[in-house]
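Before any comments, here is the structure.
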Amino acid sequence: MTATSALRRSLESARTAVTAEVGPPRGADPEAVRRKVEPLRGWLDAVNIPDGQSAHVRMSNWAGSLIALAAGVEPVMQVTCRDRNRIALQSDLMSAAALGIPNVVLMTGDHPRFGDHPDAKPVFDIDGVQLVWTARTMRDEGRLLSGRRLDPPPSWLIGAVENPFAPPVRFRAARLGKKAAAGAEFVQTQFVFDIPAFARWMSDVRDSGLDQRCKILAGVGPIRSLRALEFMRSNIPGLWIPDEIGRRLRGVPADRVADEGMTMCAEIIQQVLRIPGVSGVHVMAPGFEQGIPEVLARAGLARAARDRPGPAEPAAAGTASTRVTGAGGSDHAD
Amino acid sequence: MTVGQRPAVTADRGGTAGHPGRRARNIAARPRPVRPRLPAWLLYRIQRGLAPNAFYRRLAEWLERSPARYRIFAATEKAVKNEIFGCRMCGQCTLPVTGYACPMTCPKQLRNGPCGGVGSDGSCEVYPDLRCVWLVACERAEGRGRIADLHLLQRPIDHRGWGQSSWVNYWAGRDEDLWTAGDGPAPAIARRAPAAGRR
């Protein structure tokens, strides 16, 4: 089955692409996914459905993706190498295509040590780069890793992830280059809180022409409490939050912290979209998916504005500053 | 993510590999980052002396003709390389292009560079008191002007190769397509000659 990807159209059209993460529930109720994705319809191009995020047991990536699809929101199925070997990975990828899931984001994944089953066997049969490479081979060459033919081949849009802030920082753009060479067409980054550091990474990315081959979606998200700030600082591997963020959150009355966090997130969205080569944003707000439209609205990415030029009209000319009207709407209810 | 549910970092040390700061002697234990014992410049030099030639090819054939000889040779290789690199005998050695830091000691056994979880101090996300082995690899490769090695696309390993002598595989020419430059439009992921399953 050939699935058409609205996210692909958006990325190709030079308008601001928007994706967001929707965490599937720990439980057997499909409504839990539907309730989270339905308010997002029309606000974004696609929702990411994680694959056991942070190595916790959740409803599976493909099941969550199917529920989102049925609710009229295009899914991006995340797949990690943590729990499956190459046989299961290729089967799941093929199945996703058969069920009409049009986008996949492929990554190595968190180690089970950080999850709710630290006693589990970590699989890591292949790594994230090799998984991207495998998917590209399945789609473009119509072959499995074994060399056997797939008929018909899948057609998903292939994405990857990258953390621009983790050491060795100098190597991070080159690592994205490996993913692009393996077949990644877009990348969603780790949370951006440190704009100068992100801009430096983007400069490396542009220097090697990577932003032309692999669209960059900057990861963003609101920090809604001081407790959440501390949790993210100490518990999310590879996350870097500058002190300034904490100072600003502590500088407002306790009942305004959540609001300030959302405003800060909207400002970060506007700032990253001004950086040349950035194609869009990926919003991560675990447990606060209902607030995503509000954050986007404050950033000037309101639902009605999705098809108009983006919010940023910076002085410096660059690829990100010339946003034109894209083909088609972002509302893909069927 | 649930606050307070993360198990203590020491939870599954289990005593299998001794103190976390020491090298992983027990290859049955979970992989943990190992900092190589010898400097990169020396290892690159030794590498030149091990390059395949007619002698080494004949040696490889001679070793493979006798299971006993092969076993003794592989055990020696394991002892030496485990001591220096924390080698786990994947049989498909990539050390010459990773600054002689072994990626199979990464808890995720990544062959293509560091994961996104490296701490801002360079610590491994799984063993925060150890340095990320890929960071060590980058530093060692960069120090010898070999950073381009890390841009190579590493193909998936053949898990039938565990326990084999990577020196024999190297001399027999089975290692030739473990990686590719990946600068063409669509580098092939399949290896022409999978390392394993032929003994």
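Throughout, read-outs are computed from the coordinates displayed, never taken from laboratory work. Being a predicted model, the structure only gives us computed values, none of them experimental. All Cβ positions, even for glycine, are placed from backbone atoms using ideal geometry, and neighbour counts span all protein chains on display.
Considering just Cα atoms, how many Å³ per residue does the convex hull of the protein assembly as shown enclose? Walk me through the numbers on the way to the answer.
On the way: hull volume 78.7 nm³, N = 533.
Convex hull of Cα atoms, per residue: 148 Å³.
With all pairs of different C-alpha atoms in the average, the Kirkwood value for the hydrodynamic radius of the range A:6-320 is 19.8 Å.
Here chain A carries DSSP beta bridges of which approximately 5% are antiparallel, counting only pairs with both residues inside. Less than 5 angstrom separates the built amide H of A:Val283 from those of A:Thr19, A:Ala20, A:Glu21, A:Val220, all sequence-distant by 5 or more or on a different chain. For the range B:78-164, trypsin sites (Lys or Arg not before Pro) meeting the loop criterion (DSSP other than H, G, I, E, B) and having at most 11 other Cβ atoms within 10 Å: none.
Using R₀ = 35 Å, calculate the FRET efficiency as 1/(1 + (r/R₀)^6) where r is the Cβ-Cβ separation of A:Arg170 and A:Glu141; round to 0.05. Don't skip to the answer; put the middle values down first.
Working: r = 33 Å, r/R0 = 0.94.
That gives a FRET efficiency of 0.60.
Taking label points 7 Å from Cα along the Cα-to-Cβ direction, B:Ala188 and A:Ala98 give a separation of 2.8 nm.
Can you tell me what share of the DSSP beta bridges in the range A:30-127 is antiparallel? A percent to the nearest 5 is fine. Can you show the working numbers first?
Details: 0 of 8 bridges.
Just about 0 percent of them are antiparallel.
Is the range A:1-95 rounded, prolate or oblate when judged by the Cα gyration tensor, a ≥ b ≥ c being the square roots of its eigenvalues, rounded requiring a/c under 1.5 and prolate requiring a/b larger than b/c?
Numbers: a/c = 1.87, a/b = 1.25, b/c = 1.49.
It is oblate, given that a/c is not under 1.5 and a/b is not larger than b/c.
Here the scattering of the range B:40-180 is modelled by Debye summation over its C-alpha atoms, one equal scatterer each and no solvent; at q = 0.08, 0.19, 0.20 Å⁻¹ the log10 of I(q)/I(0) is -0.22, -1.19, -1.30. Of the residues A:Gly209, A:Gly177, A:Gly64, the one that moves most in a GNM of chain A with alpha-carbon contacts below 10 Å is A:Gly209.
So what is the calculated 222 nm ellipticity per residue for the protein assembly as shown, using -39500 (n - 2.57) for each DSSP H run with n of 4 or more, over all residues, to the nearest 500 deg cm²/dmol? Let's see the in-between values first.
Details: 17 runs with 178 residues, N = 533.
The per-residue figure over the protein assembly as shown is -10000 deg cm²/dmol.
The modelled label-to-label distance between A:Arg34 and A:Ile87, using points 7 Å beyond Cα along the C-beta direction, is 3.6 nm. In terms of its alpha-carbon gyration tensor, the range B:124-175 comes out oblate; a/c meets the 1.5 threshold, while b/c is at least as large as a/b. Shape analysis of the range A:168-208 based on the Cα gyration tensor places the equivalent ellipsoid semi-axes at 18, 12, 9 Å, largest first. Residue exposure proxy: A:Ser65, A:Ser60, A:Ser279, ordered by other Cβ atoms within 10 angstrom of their Cβ from fewest to most, comes out as A:Ser60, A:Ser279, A:Ser65.
Which semi-axis lengths, in whole Å and largest first, follow from the square roots of five times the eigenvalues of the Cα gyration tensor of the range A:116-178?
Numbers: eigenvalues 142, 72, 20 Å².
Equivalent ellipsoid of the range A:116-178: 27, 19, 10 Å, largest first.
Across q = 0.15, 0.17 Å⁻¹, the range A:186-247 modelled as identical point scatterers on its alpha-carbon atoms has Debye log10 I(q)/I(0) values of -0.53, -0.65, in the order of the q list.
Checking the Cα-Cα distances for A:Lys179/B:Lys78; A:Lys179/A:Lys215; A:Lys178/B:Lys108; A:Lys121/B:Lys81; A:Lys121/A:Lys215; A:Lys121/B:Lys108 against a 22 Å cut-off, the pairs over it are A:Lys179/B:Lys78; A:Lys121/B:Lys81; A:Lys121/A:Lys215. Per-residue Cβ neighbour counts within 10 Å put B:Leu42, A:Leu150 in the sequence B:Leu42, A:Leu150, beginning with the fewest.
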